[in-house]
Amino acid sequence: MERSNRGKEFISIIKRSEAAKVYIKDITYIESEARKIHIHTADAEYSVYRKLDEIADILPENFYRCHKSCIINLEKVINMKDRFIYFECGACIAICADKYAKAVQTYKGYLIKHEKNDNT
């Protein structure tokens, strides 16, 4: 039962002129800039005034906070190389050297843990 509801979880975007829901499974990465967060999907970017910590608390385990202002969806990462994180949708983000080593280690662990699930 939990699996069938997993794809229906969302983050609400509520602004004066817009109300939308962004499905968690569609999120590529989330970044914060001052008091605003930007939620990136393969098709769009949504911006809203919210705290990144508030969003981080509701995200499942496949999301990793690679920096104080950035959370990535490990399911959407296709490669990490030379301090860049590349996503399925073609986007890429740079990450500083000291955070990069931990991010790569976390991604390797994610790949090992989920390899069998993707092949079945």
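Probe radius 1.4 Å, ligands and nucleic acids ignored: give me the carbon and sulfur share of the accessible area of the chain as a rounded percent.
Heavy-atom surface of the chain belonging to carbon and sulfur, 1.4 Å probe: 48 percent.
Quick one: grab Rg to one decimal and Dmax as a whole number for the stretch 54-117, Cα atoms only, in Å.
According to the Cα coordinates of the stretch 54-117, Rg and Dmax are 11.4, 32 Å.
Along its principal axes, what span do the Cα atoms of the stretch 1-115 show, with the longest given first and each in whole Å?
Each principal axis gives a Cα extent; for the stretch 1-115 these are 41, 38, 25 Å.
What's the longest bit of the chain with no exposed GluC sites (Glu not before Pro), using DSSP loop states and at most 15 other Cβ atoms within 10 Å as the test?
19-60
DSSP loop (so not H, G, I, E, B), at most 10 other Cβ within 10 Å: list which trypsin sites (Lys or Arg not before Pro) in the stretch 16-120 pass both filters.
Listed in order of number, the matching sites are Arg16, Arg35, Lys68.
Which shape class applies to the stretch 4-69: rounded if a/c is under 1.5, otherwise prolate when a/b exceeds b/c and oblate if not, where a ≥ b ≥ c are the square roots of the Cα gyration tensor eigenvalues?
oblate
Express the relative contact order of the chain as a whole percentage, based on alpha carbon pairs under 8 Å and six or more residues apart in sequence.
Reported relative contact order: 15 percent.
The values are calculated or read from the model by the stated rules, or taken from the named source; none is laboratory data. Keep in mind the model is a prediction, meaning the values are calculated, not measured. Glycine also receives a Cβ, built like all others from the backbone with ideal geometry; neighbour counts cover every protein chain displayed. Keep in mind that these areas ignore ligands, DNA and RNA; they rest on the heavy atoms of the full protein, side chains included. Shrake-Rupley method; radii C 1.70, N 1.55, O 1.52, S 1.80 Å.
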